[in-house]
Amino acid sequence: MSQQSVIEELQRLGMSGYEAKAYVALVAAGTPLNGYEVAKRSGVPRSTVYETLAKLVGRGAAYEVRVADAGVAYISLPPSALLDRLRREFDQSIDALTSALPQVAAPSQVRLVHNLTDRESLLARAEDVVAAARTDLFLSGWPAEIAPLKPTVRKADDEGVDVTVVTFGEDPDPVGTTYPHRFSEPEVVLENLGCRLLVVAADREQAVIGGVVDGDAWGVYTDDPAVVLVAVEYVRHDIAMHLIAEKIPPEEFEAFWTSDPALRRLRADHGIPAALLARGPGAAVPPRRTGRSRGSA
């Protein structure tokens, strides 16, 4: 990690840009520096360097020391000690807000639905939903999207959340109760859907639904009970179909699944799920295709 990256991370933890630059200069020096030397090494203007150093001293990230010529110099708090202190302060703030914020929050008057327009925001919001789970968690998706969520999913599982996962493709490191999707090969499902569909629902209270195509992604977060119910039942229905299919001889199920006219009609809308997720407000609904389908979503 570069010094600039370190400075940016320190800013995220509450330091100003000048404070972060001055602290990094002190750490990099490994020896006491006077204000002039800090300004020269850090890029902090000389007109503000002593004010900046005073703020670092005030937060305990640096200390004043006397040098041989009776001048004042500054030395940094060791990085390990600073990180421990920041971690304690952060944890204390979280603990305080955990009890205080709910007391000032008014009951929600509206249900939330907001759009997610790229893969990063889709996965970040999905991770928020996973982290919020306290009783049950349902996920359905491809390993490429489930893998980044796995540490938070595993933490939820370890804390007693009932985790249920449907994965389109083999997962060598499953978490919770995982069901590999076996009705159709993942590439067939991808062809029919037009995207890698991701569904994440926590405690029957909130959900993220999205689609990923190569590097592009679209989706929504919602706490609308009706939408969350549909998301949960989508995952549960997929699992129920798998359990039923396991009771039928494979060749009979394959013949039924590929040739039954009613099922073929339901699978005739290739690519429409992805088109619906990606289309903007007011755009026309894509026309339903009537071509033959190779498999199921």
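Listed by first and then second residue, the pairs with beta-carbon distance under 7 Å, at least 6 apart or on different chains, first residue in the range 216-230 and more than 15 Å from Arg125 (Cα to Cα), second small (Gly, Ala, Ser) and at pLDDT 90 or above, are Val227/Ala207. Annotation: Asp69 fulfils all but one of (1) over 31 Å from the mean Cα position of the chain (by Cα); (2) charged (D, E, K, R); (3) part of a helix (DSSP H, G or I); the unmet one is (3).
Which of the residues that make up the range 169-181 are surrounded by 13 or more Cβ atoms within 10 Å (Cβ to Cβ) and either at positive phi or in contact with a Pro (Cβ under 9 Å, 6 or more places away or on another chain) (or both)? Break it down into steps so the answer makes sense when it comes.
Of the range 169-181, the ones surrounded by 13 or more Cβ atoms within 10 Å (Cβ to Cβ) are 169, 171, 174-176, 178-181.
Those that are surrounded by 13 or more Cβ atoms within 10 Å (Cβ to Cβ) and either at positive phi or in contact with a Pro (Cβ under 9 Å, 6 or more places away or on another chain) (or both): Gly169, Asp171, Pro174, Gly176, Pro180.
Between Val188, Val163, the distinction of being touching an Asp or Glu at 6+ places or on another chain (Cβ under 8 Å), of a type in the set (A, V, I, L, M), over 21 Å from Arg119 (Cβ atoms) and not in a loop (DSSP other than H, G, I, E, B) belongs to Val163 only.
Which is surrounded by 13 or more Cβ atoms within 10 Å (Cβ to Cβ) and among the aromatic types (Phe, Trp, Tyr), of Tyr23, Tyr36? Answer to the selection: Tyr23. Only one entry of Ser140, Ser184, Ser121 meets the criterion of being buried (at least 16 other Cβ atoms within 10 Å of the Cβ), of a type in the set (Ser, Thr, Tyr) and modelled with pLDDT under 90, and that entry is Ser184.
Within the range 210-297, which helices (runs of 4 or more DSSP H) (wholly inside it) include 2 or more residues that are at pLDDT below 80, within 22 Å of Thr167 (Cβ to Cβ) and not aliphatic (A, V, I, L, M)? Write out each step before concluding.
Numbers: elements: 225-245, 250-259, 261-266, 272-278.
It comes to 250-259.
Across the range 1-39, the number of residues qualifying as within 20 Å of Phe90 (Cα to Cα) and either over 30 Å from the mean Cα position of the chain (by Cα) or of a type in the set (A, V, I, L, M) (or both) comes to 7.
Which ones in the range 187-200 are within 24 Å of Glu246 (Cβ to Cβ) and either buried (at least 17 other Cβ atoms within 10 Å of the Cβ) or in contact (Cβ under 8 Å) with a residue 40 or more places away in the chain (or both)? Full working, then the answer.
As a first pass, look at the range 187-200 and keep what is within 24 Å of Glu246 (Cβ to Cβ): 187-190, 192-193, 197, 199.
Within the range 187-200, Val188, Val189, Leu190, Asn192, Leu193, Leu197, Val199 qualify.
Among the residues of the range 39-76, those that are within 17 Å of Gly14 (Cα to Cα) and surrounded by fewer than 21 Cβ atoms within 10 Å (Cβ to Cβ) comprise Glu51, Ala54, Lys55, Val57, Gly58, Arg59, Gly60. Only residues that are of a type in the set (D, E, K, R), closer than 15 Å to Val220 by Cβ and outside any helix (DSSP H, G or I) were counted across the range 105-147, and they come to 2.
The values are calculated or read from the model by the stated rules, or taken from the named source; none is laboratory data. As the structure is a computational prediction, the values presented were derived from the model and not from experiment. As a convention, Cβ positions derive from the backbone with ideal geometry for all residues, glycine included, and neighbour counts pool all protein chains shown.
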